[in-house]
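The values are calculated or read from the model by the stated rules, or taken from the named source; none is laboratory data. All figures in this text were calculated on a predicted structure; none of them were measured in a lab. Glycine also receives a Cβ, built like all others from the backbone with ideal geometry; neighbour counts cover every protein chain displayed. With ligands, DNA and RNA removed, areas are computed over all heavy atoms of the protein, side chains included. Shrake-Rupley method; radii C 1.70, N 1.55, O 1.52, S 1.80 Å.
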Amino acid sequence: MKILAWVVKRDLLLAMRRKSDVLTTLFFFVIMASLFPLGVGPEPQLLKQMGPGVVWVAALLASMLSLGRLFSADYADGTLEQMLLCPESLALIVLAKAAVHWITAELPLVAFAPLLGLQFGLSEQALWVLIASLLIGTPVLSLVGSIGASLTLGLRGGGVLVSLLVLPLYIPTLIFGAGAVDASTSGLGAQGHLSILGALLVLSLLATPKAAAAALRISLE
Amino acid sequence: MNWGSFSAFIHMGGYAFYVWSSFGVSFALLGMEIWLLSKRRRTLLKRLGQIQRLNASKGSR
Amino acid sequence: MSKVNLYKFSAPATFYGLAGQMIPGFAILSAILFAAGLYISFFVAPTDAQQGEAYRIIFIHVPAAWMSMFIYVVMAVYSGIGLAFNTRLSAMMAQALAPTGALFCFIALFTGSFWGKPMWGAWWVWDARLTSQLILFFLYIGFISLQAAIEDPKRADRAGALIALVGVINVPIIYFSVKWWNTLHQGASISFSKAPTMAHTMLAGMLVMAVACWTYTIAIALYRVRLIILERERHTTWASEILGGAK
């Protein structure tokens with residue numbers, strides 16, 4: 001457990017030194033979502049319907065684009081190989097790194113999502129559901145993404161490859177995340193969707209760190 | 001027997017385009033897979049054979 | 001079969017010869033079954049009352065869809081064995097199966113679209129099954145491109161195995177979520193599952209075609225695995241003996 005806190009602290013410190021990375025991801029998210037009204041036209045009813053899905057897809061892509069940062073710096077300077085040798089469980093280190101990825105790449109998106117929601121004319125209630133679904137759903141993206149990031153470590157064209165591996169696995173999160181907002185605006189209540197998102201989160205918390213640790217060993221052997 | 005004549009068989013009750021393209025493309029793809037694999041085998045054997053002959057001639061010298 | 005024998009056959013050198021002996025049998029069987037299956041599909045199975053002759057597409061569509069799912073599971077099993085026991089051959093088998101699985105997946109999508117057009121008036125509908133099939137196709141593409149991108153064969157084997165296992169765990173989750181999404185958004189519009197009451201001959205035709213695809217897959221995967229073995233083991237003595245004989 002101590003190692004968990006230690007890695008989180010260290011990686012957060014490193015991330016604070018490169019604030020521009022955080023901002024780049026955030027602005028990608030904002031620009032990406034703002035492109036949609038320009039593409040489909042300013043019809044308020046249409047935008048209202050598309051809003052949750054667009055915000056979620058933008059969050060998915062932004063999270064995926066920043067996956068490269070998850071391990072690459074530690075891989076480049078050899079820290080990662082030291083971590084493989086460390087007696088503590090590698091899965092815990094991976095979990096810590098995924099947590100940092102979530103804090104630095106996705107938490108800012110969650111904070112900005114209501115602003116984008118307003119652009120799409122979502123109601124107040126829908127905005128709250130959007131925030132809740134993003135809060136529960138985006139950690140799943142970091143966790144699942146950590147498998148893809150560790151498998152493609154050090155490969156040429158790794159960035160595009162990771163999208164092929166990871167995006168299909170993101171689909172359930174997207175469906176229930178955006179679906180939660182739709183369900184609440186159509187009066188069905190978002191509870192069912194949010195509970196399933198929670199179940200996905202628990203499942204990925206249990207399963208993905210081990211898988212990503214195995215993937216790291218494969219990539220570094 | 002379903003078909004009164006050969007042309008009725010080809011006509012497929014008006015769905016000829018859909019039925020024949022489905023079956024045609026499917027079997028064409030399977031055929032292509034076989035063809036591509038046999039080509040891969042030929043080039044592989046040729047290349048490995050060349051390497052081996054090269055090694056053999058080097059060894060005898 | 002004794003344990004010793006199993007290990008003997010899991011050595012690539014032995015398997016190369018064994019696979020070579022098995023291919024013709026499966027290839028001939030597959031050709032016969034395809035001929036029989038096509039005969040049933042076009043001459044024995046009666047015209048469908050609702051869909052006319054267009055329904056005959058299911059004789060290729062459904063077996064291809066079955067095969068694409070089945071091959072992915074078999075790939076994952078080989079991958080699991082490969083990771084657990086560190087056997088090279090099972091990773092090679094997974095790699096040999098993937099392109100054929102992707103091909104069947106594509107055939108299922110293509111024929112589904114050509115069936116949908118006359119039946120529903122649209123080339124593509126976001127039906128739960130078609131959508132899951134599309135995502136399965138993406139999973140195949142991910143597996144194949146990951147293996148292709150890694151140059152070191154050992155890392156490629158193991159990385160591919162891991163992603164195949166992750167994929168196979170996700171397939172039920174994806175299918176469930178797509179189904180949920182579909183019922184929520186589309187209501188009760190159209191679905192493949194409401195197949196017309198299936199005549200015995202139709203079922204028989206589909207089964208014969210499925211077994212034909214099955215034997216085809218075995219033959220083609222064995223053929224491909226022989227190539228992979230030869231490429232990987234070209235520096236060994238047994239491989240050069242084979243090459244010497246092949247000339």
For a quick check of your reading: which helices (runs of 4 or more DSSP H) sit entirely within the stretch A:73-120 and have at least 3 residues that are of a type in the set (Gly, Ala, Ser) and closer than 16 Å to A:VAL7 by Cβ? A:90-101
Can you tell me which residue is farthest from C:THR215 (Cα to Cα) among those in the stretch B:15-33 that are open to solvent by 50 Å² or more (accessible area, probe 1.4 Å) and more than 7 Å from chain C (Cβ to nearest Cβ)? B:PHE17
Determine which member of the set A:PRO168, A:PRO139 is facing another protein chain (nearest Cβ under 7 Å) and either at pLDDT 90 or above or part of a helix (DSSP H, G or I) (or both). A:PRO168
Of residues in the stretch C:220-238 being at the interface with chain B (Cβ under 9 Å from one of its Cβ atoms) and in a helix (DSSP H, G or I), the one surrounded by the fewest Cβ atoms within 10 Å (Cβ to Cβ): C:GLU231
So which of C:ALA102, C:ALA122, C:ALA94 ends up being farther than 20 Å from C:VAL225 by Cβ and hydrophobic (A, V, I, L, M, F, W, C)? C:ALA122
Kindly indicate the residue of the stretch C:162-176 that is open to solvent by 10 Å² or more (accessible area, probe 1.4 Å) and more than 7 Å from every other protein chain (Cβ to nearest Cβ) and also farthest from A:GLY148 (Cα to Cα) among those meeting that condition. C:PHE176
Looking only at residues in the stretch C:116-144 that are crowded, with 20+ Cβ neighbours inside 10 Å and small (Gly, Ala, Ser), which one is nearest to the other protein chains (Cβ to nearest Cβ)? C:GLY142
Has the stretch C:140-159 got any residue that is among the hydrophobic types (A, V, I, L, M, F, W, C) and closer than 24 Å to A:LEU197 by Cα? no
I need the full set of residues from the stretch A:195-209 which are within 11 Å of chain C (Cβ to nearest Cβ), open to solvent by 20 Å² or more (accessible area, probe 1.4 Å) and either farther than 23 Å from C:THR131 by Cβ or without any contact (Cβ under 8 Å) to a residue 24 or more places away in the chain (or both), in order please. A:ILE196, A:ALA199, A:LEU203, A:ALA207
Odd one out for C:VAL44 among (1) of a type in the set (Val, Ile, Thr); (2) without any contact (Cβ under 8 Å) to a residue 12 or more places away in the chain; (3) open to solvent by 60 Å² or more (accessible area, probe 1.4 Å): (2)
Is it true that B:ALA56 is closer than 30 Å to C:LEU38 by Cβ, more than 8 Å from chain C (Cβ to nearest Cβ) and small (Gly, Ala, Ser)? no
Those residues that are farther than 20 Å from A:LEU151 by Cα, under 12 Å from the mean Cα position of the chain (by Cα) and open to solvent by 30 Å² or more (accessible area, probe 1.4 Å), I need them from the stretch A:73-107; list them, please. A:ILE103, A:LEU107
Pick from the stretch A:150-194, criterion open to solvent by 20 Å² or more (accessible area, probe 1.4 Å) and β-branched (Val, Ile, Thr), ranking: farthest from C:ILE144 (Cα to Cα): A:THR185
A:ILE136 vs (1) farther than 17 Å from A:THR25 by Cβ; (2) open to solvent by less than 20 Å² (accessible area, probe 1.4 Å): all pass except (2)
Going by the structure shown, is A:ARG69 open to solvent by 60 Å² or more (accessible area, probe 1.4 Å), more than 30 Å from A:SER123 (Cα to Cα), free of Cβ contacts under 8 Å to residues at least 60 places away in the same chain and under 19 Å from the mean Cα position of the chain (by Cα)? yes
Under the condition of being out of contact with any Gly (no Cβ under 9 Å at 6 or more places or on another chain) and more than 7 Å from chain A (Cβ to nearest Cβ), which residue from the stretch C:145-159 is most open to solvent (accessible area, probe 1.4 Å)? C:GLU151
C:CYS213: passes all of (1) surrounded by 21 or more Cβ atoms within 10 Å (Cβ to Cβ); (2) touching a Pro at 6+ places or on another chain (Cβ under 7 Å); (3) more than 10 Å from chain B (Cβ to nearest Cβ) but (3)
